[in-house]
Amino acid sequence: MWVGLSREPTREVIGQALARHAPGARVWWGDLADPTFDAEIALSIDPNPSEFPFVINGWVVGGQESQQYELGLRLAGELCVKLDCSTICDGSHHGPTKSPYWSIIWQRGVPFLADDCGTLFADYSEDLSLEERRQPGPVKILHPIQIDPWPFDFSAPSPSTAAVP
């Protein structure tokens, strides 16, 4: 799960959104490989030198992995409104093909299908030269779309049944 934002989020705002969409889930800010990891959701906020300079990277574990796509949609939609900014998230289940380059951009709470192929947002790498970083363009907004909520029940498992990575 990932959500890009045009405005910097705080852990508090992200935590409030997660509390609504994944009630009871324990959140870990950091690396899944940390031996003290003990949560259902691991998060980090990372930089991205694009029109979405902040990216929330998230990993859902403990038997709820199938909820990642929908959770990303819900967080992107809510954070767009709450922070009054544009957001972007995975849209691969909403595009007309199985391409991994479909995204959903949220503007003023409205979702748009977007194509992030050949963009600085999707294709950025630390290994790119300055010239290579200038070549990709912004994410291309295609058209507004209707997003119907999927059946979604993110119930945190009890501590005794939580899977440990």
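The values are calculated or read from the model by the stated rules, or taken from the named source; none is laboratory data. Note that this is a predicted model, so its numbers are computed, not measured. Cβ atoms come from the backbone with ideal geometry, glycine included; neighbour counts cover every protein chain shown. For accessibility, only protein heavy atoms count, side chains too; no ligands or nucleic acids. Shrake-Rupley method; radii C 1.70, N 1.55, O 1.52, S 1.80 Å.
Looking at segment 86-111 only, could you name the residues that are part of a strand (DSSP E or B) and under 23 Å from Gln67 (Cβ atoms)?
Thr87, Ile88, Cys89, Asp90, Trp102, Ser103, Ile104, Ile105, Trp106, Pro111
Would you confirm, using the coordinates I've provided, whether Glu131 is of a type in the set (Asp, Glu), outside any loop (DSSP other than H, G, I, E, B), exposed (fewer than 10 other Cβ atoms within 10 Å of the Cβ) and modelled with pLDDT of 70 or more?
So Glu131 passes the test.
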Out of Ser50, Ser103, Ser92, sole residue that is small (Gly, Ala, Ser), within 24 Å of Glu126 (Cα to Cα) and either in contact with a strand residue (DSSP E or B) (Cβ under 6 Å, 6 or more places away or on another chain) or open to solvent by 50 Å² or more (accessible area, probe 1.4 Å) (or both): Ser103
Qualifying residue in segment 112-124 (condition: within 28 Å of Thr10 (Cβ to Cβ), of a type in the set (A, V, I, L, M, F, W, C) and modelled with pLDDT of 95 or more): yes
